[in-house]
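The values are calculated or read from the model by the stated rules, or taken from the named source; none is laboratory data. In this text, all values refer to a predicted model and were calculated from it rather than measured experimentally. A quick note on method: Cβ atoms are made from the backbone with ideal geometry, for glycine too, and the neighbour counts reach across all protein chains shown.
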Amino acid sequence: MKNNININVDVRFIKDQSHPEHHQFTFSYTITITNNGSIGAQLLTRRWLIQDETGHLEEVIGEGVVGQQPHLHPGESYQYTSGSVIKTATGTMKGAYGMINDDGERFEAEIAEFILSEPYTLH
């Protein structure tokens, strides 16, 4: 497959930056983006949908990730860590990266929904 971008997410609850009494729950997420396609591709944009338990939805759109627009040759990976603050102990994130391959074709690499959750929180 020409455009085949794999996205792996590792989420961590940041207890010392969270303040439940003020409805502030902080999470970090480390994302590994791997180009499993047959052509190089560059990440241009990001779009996130972040939802907490109350149903509050926040959309975040911007250029690149952590100030970078990495180009990945076939077989290469790029990893970064970022964070999110929500008002409840659990929530979800999903989104997409806007990409362009070395042939100039634009495509989206979907980021499957993942859970933001304080450890041992079940709902």
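Quick notes on this one:
- Residue in segment 26-36 that is in contact with a Pro (Cβ under 6 Å, 6 or more places away or on another chain) and part of a strand (DSSP E or B) present: yes
- Close contacts from segment 16-31, counting a first residue that is on the phi > 0 side of the Ramachandran plot and surrounded by fewer than 18 Cβ atoms within 10 Å (Cβ to Cβ) and a second that is modelled with pLDDT of 95 or more and among the hydrophobic types (A, V, I, L, M, F, W, C), with Cβ to Cβ under 9 Å and a gap of 6+ residues or different chains, come to His23/Ile86.
- Yes/no for Thr54 being touching a strand residue (DSSP E or B) at 6+ places or on another chain (Cβ under 7 Å), part of a loop (DSSP other than H, G, I, E, B) and over 25 Å from Phe107 (Cβ atoms): no
- Looking only at segment 5-26, residues that are closer than 15 Å to Tyr80 by Cα and either among the polar types (S, T, N, Q) or in contact with a helix residue (DSSP H, G or I) (Cβ under 9 Å, 6 or more places away or on another chain) (or both) come to 2 in all.
- Checking each residue in segment 11-48 for being under 19 Å from Ala89 (Cβ atoms) and in contact with a strand residue (DSSP E or B) (Cβ under 8 Å, 6 or more places away or on another chain) picks out Val11, Arg12, Phe13, Ile14, Gln17, Ser18, Gln24, Phe25, Thr26, Phe27, Ser28, Tyr29.
- Selection count where residues are in a strand (DSSP E or B) and either in contact with a His (Cβ under 9 Å, 6 or more places away or on another chain) or not hydroxyl-bearing (Ser, Thr, Tyr) (or both), scope segment 79-107: 16
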